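Trainee: What follows is a structure written as structure tokens; I'll ask about it next.
The values are calculated or read from the model by the stated rules, or taken from the named source; none is laboratory data. Keep in mind that this is a model prediction, so the values were computed, not measured. Note that each Cβ is placed from the backbone with ideal geometry, even for glycine, and that neighbours are counted across all protein chains shown. Just so you know, the surface numbers come from the protein's heavy atoms only, side chains and all, with ligands and any DNA or RNA stripped out. Shrake-Rupley method; radii C 1.70, N 1.55, O 1.52, S 1.80 Å.
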Protein chains: 2
Amino acid sequence: MRWQDIDQQPCSLARTLAIIGDNWTLLVLRDCFMGVRRFDDFQQRLGVTRHVLSDRLRKLTEGGVLDKVAYQERPLRHEYRLTAMGKELYPVIVHLAQWGDKHLAGEHGAPLTRYHRQCGEPLEAQLQCSHCGDTVKPTDIRVEENPYWAGQILVNS
Amino acid sequence: MRWQDIDQQPCSLARTLAIIGDNWTLLVLRDCFMGVRRFDDFQQRLGVTRHVLSDRLRKLTEGGVLDKVAYQERPLRHEYRLTAMGKELYPVIVHLAQWGDKHLAGEHGAPLTRYHRQCGEPLEAQLQCSHCGDTVKPTDIRVEENPYWAGQILVNS
DNA sequence: GACTATAAGTTCCAAATAGGAACCAACTGT
DNA sequence: ACAGTTGGTTCCTATTTGGAACTTATAGTC
């Protein structure tokens, strides 16, 4: 199986990673959430080569995560903005960065600290059930297979 | 900048992705959370080539996400288990899969559904501040730069 | 004793992708 | 006329991936 074919799998994680799972792509999104919008700004901040950046921005745009909009005519110039769908990836970024803060910070501490505006404390995000509002721990989650793919996804052990 | 050097950046997300951001790695972790532990099981479920799998498992082990433990001697056989640090990545997997469920499900619906055991409803996870217990929206987060890297990370606009 | 199977890889080669640098198009400003 | 800006594309080389075969150590079967 080639990496470029993983979007064919009956797995939401695989399909998501087909759009945002390539090397560099999540760093592009990090910068999107910081307000970066232009090709050259991404390129300078990331240090990625221009044609890799071009490819990643194209995949993100085709995947509906970014929107390529003209910000001027003559000469025509475009910038990339997060769509509503793209903004919903923020929790992923937060949890990834938080994991890095906790486990990979060097001697100078975490490069960035996120604060919860309402209570003013450094944010330690966790999962919450939007239905009942309770905190959700991994063991509180029960996974059920769609009958259409019965036996193909879950490990039977 | 080469992808393999991104762990040098003053960014927790970049450092995290240096361990788990390669192609295939998050799918390996998905299977870990489903209880897969053995090389050949990962290989068959993922369809990834053996030497890429070997490389990813080594990086995850060196990064402290997985633990390689012998489950028998003669012949010596190892399996891979999530460490406590690795288990803390579960929220990342949940949010990624949830995003795929919502935006990329095909005609047969989401392959897996996660339920919140306590309330019995399909889980729609969101961020919660572990300090005050409130729901956290993206706009509720204020980011502050560590003075050591002042001006190097945030976009000034 | 010879053969087959199992598990966890390693090795080999061709094909695809990434890194680095230069180039291009369509303007604007000096 | 010439340099600068923006958003790429093109070229070449180096690294990584995909696919398949091979290896090692042992257990079980004929």
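Trainee: Determine the sum of side-chain charges near A:MET1: Lys and Arg each +1, Asp and Glu each -1, restricted to other residues whose C-beta is under 13 angstrom from that of A:MET1.
Mentor: Values: positive: A:ARG2, B:ARG45, B:ARG50; negative: A:ASP5, A:ASP7.
Net charge in that neighbourhood comes out at +1.
Trainee: Heavy atoms only, probe 1.4 angstrom, no DNA, RNA or ligands counted: give me B:HIS108, B:HIS95 ranked by accessible area, highest first.
Mentor: Values: B:HIS108 70, B:HIS95 10 Å².
Ranked list, largest accessible area first: B:HIS108, B:HIS95.
Trainee: About the Cα centre of the protein assembly as shown, what is the dipole size in debye to 20, counting +1 per Lys and Arg Cβ and -1 per Asp and Glu Cβ, all else neutral? Please list the in-between numbers first.
Mentor: On the way: 40 positive and 40 negative charges, 111 e Å.
The dipole magnitude comes to about 540 debye.
Trainee: If we hang a label 7 Å off Cα along the beta carbon direction at B:TYR71, how far is it from the matching labels on the other copies, in nm, shortest first?
Mentor: Reported distances to equivalent positions: 5.3 nm.
Trainee: Give me the accessible area per residue for segment A:89-140, probe 1.4 Å, as a whole number in Å².
Mentor: Numbers: 2340 Å² over 52 residues.
Each residue of segment A:89-140 exposes 45 Å² on average to a 1.4 Å probe.
Trainee: If you count, for every residue in B:48-58, the Cβ atoms of partner chains within 10 Å of its Cβ, what is the mean?
Mentor: 1
Trainee: Ignore the peptide's own chain and count Cβ atoms of other chains within 10 Å of each Cβ in B:141-150; give me the average, rounded. Present the calculation step by step, with values, prior to reporting the outcome.
Mentor: Working: counts 9, 7, 8, 6, 3, 7, 2, 5, 4, 0.
Mean inter-chain Cβ contacts per residue within 10 Å come to 5.
Trainee: Here is a follow-up. What are the nm distances, shortest first, from B:ASP31 to its equivalents in the other copies, labels at 7 Å along Cα→Cβ?
Mentor: 3.3
Trainee: Ignore the peptide's own chain and count Cβ atoms of other chains within 10 Å of each Cβ in B:20-27; give me the average, rounded. If you can, show how the numbers build up before the last one.
Mentor: On the way: counts 3, 8, 3, 7, 5, 2, 6, 8.
Mean shielding by partner chains, rounded to a whole number: 5.
Trainee: While we're here: About the Cα centre of chain A, what is the dipole size in debye to 20, counting +1 per Lys and Arg Cβ and -1 per Asp and Glu Cβ, all else neutral? Before the final figure, lay out the partial values.
Mentor: Details: 20 positive and 20 negative charges, 113 e Å.
That gives a dipole near 540 debye.
Trainee: When a/c is below 1.5 the answer is rounded, else prolate if a/b is larger than b/c, else oblate, so apply that to segment A:25-154 with a ≥ b ≥ c taken from the square roots of the Cα gyration tensor eigenvalues.
Mentor: Working: a/c = 2.04, a/b = 1.36, b/c = 1.51.
Note, shape of segment A:25-154 comes out oblate.
Trainee: At 1.4 Å probe size, with the rest of the protein present, what percent of the exposed accessible area of segment B:3-145 is carbon and sulfur atoms?
Mentor: Numbers: 2930 of 6760 Å².
Answer for segment B:3-145 is 43 percent, counting heavy atoms of protein chains only.
Trainee: Is there a quick way to get the dipole size of segment A:1-83? I mean about its Cα centre, with the Cβ of Lys and Arg at +1 and of Asp and Glu at -1; what is the value in debye to the nearest 20? Don't skip to the answer; put the middle values down first.
Mentor: On the way: 14 positive and 11 negative charges, 34 e Å.
Its charge dipole is roughly 160 debye.
Trainee: Here's something else I'd like to know. At a threshold of 8 angstrom on Cα-Cα distance, excluding pairs fewer than six apart, so keeping six or more, what relative contact order does chain A reach in percent? Don't skip to the end; give the middle numbers.
Mentor: Numbers: 117 pairs, mean separation 20.2, N = 157.
RCO, chain A: 13 percent.
Trainee: What number, in percent, do you get for the relative contact order of segment A:84-153 if the mean sequence gap of Cα pairs under 8 Å and at least 6 apart is divided by its residue count? Provide the component values of the computation, followed by the final result.
Mentor: Values: 28 pairs, mean separation 10.8, N = 70.
About 15 percent, as a whole number.
Trainee: Report the net charge of residues surrounding B:ASP40, where surrounding means a beta-carbon distance below 13 angstrom and charges are Lys +1, Arg +1, Asp -1, Glu -1. Before the final figure, lay out each step's value.
Mentor: Numbers: positive: B:ARG37, B:ARG38, B:ARG45, B:ARG50, B:ARG77; negative: B:ASP31, B:ASP41, B:GLU79.
Local net charge: +2.
Trainee: Now for a separate question. Mind running the shape call on the protein assembly as shown? Use the C-alpha gyration tensor, a ≥ b ≥ c as the square roots of the eigenvalues: rounded below 1.5 for a/c, prolate if a/b tops b/c, oblate otherwise.
Mentor: Values: a/c = 1.37, a/b = 1.31, b/c = 1.05.
Rounded, since a/c falls under 1.5.
Trainee: Explain nothing, just compute: Karplus ³J(HN,Hα) = 6.51 cos²θ - 1.76 cosθ + 1.60, θ = phi - 60°, for every residue of segment A:119-125 in order, whole Hz, x for Gly and Pro.
Mentor: 9, x, 8, x, 6, 10, 7
Trainee: Next up: Quick one: Cα centre-to-centre distance for segment B:137-157 and segment B:1-36, in angstrom?
Mentor: Value for the Cα centre distance between the two parts: 23 Å.
Trainee: How many Å² of accessible surface get buried when A and B come together, counting both sides, probe radius 1.4 Å, rounded to the nearest 100? Display every interim value, and only then the final one.
Mentor: On the way: alone 12230 and 12220 Å², together 15950 Å².
Counting protein atoms only, the buried area is about 8500 Å².
Trainee: Moving on. Taking the rotation axis that maps chain A onto chain B, which residue of A brings its Cβ closest to that axis, and at what distance in whole Å?
Mentor: Closest to the axis: A:GLN128, 2.
Trainee: Turning to a different aspect of this structure: Classify segment A:1-83 as rounded, prolate or oblate, taking a ≥ b ≥ c as the square roots of the eigenvalues of its Cα gyration tensor: rounded when a/c is under 1.5, otherwise prolate if a/b is larger than b/c and oblate if not. All intermediate terms of the calculation are to be shown ahead of the outcome.
Mentor: Numbers: a/c = 2.18, a/b = 1.82, b/c = 1.20.
Verdict is prolate for segment A:1-83.
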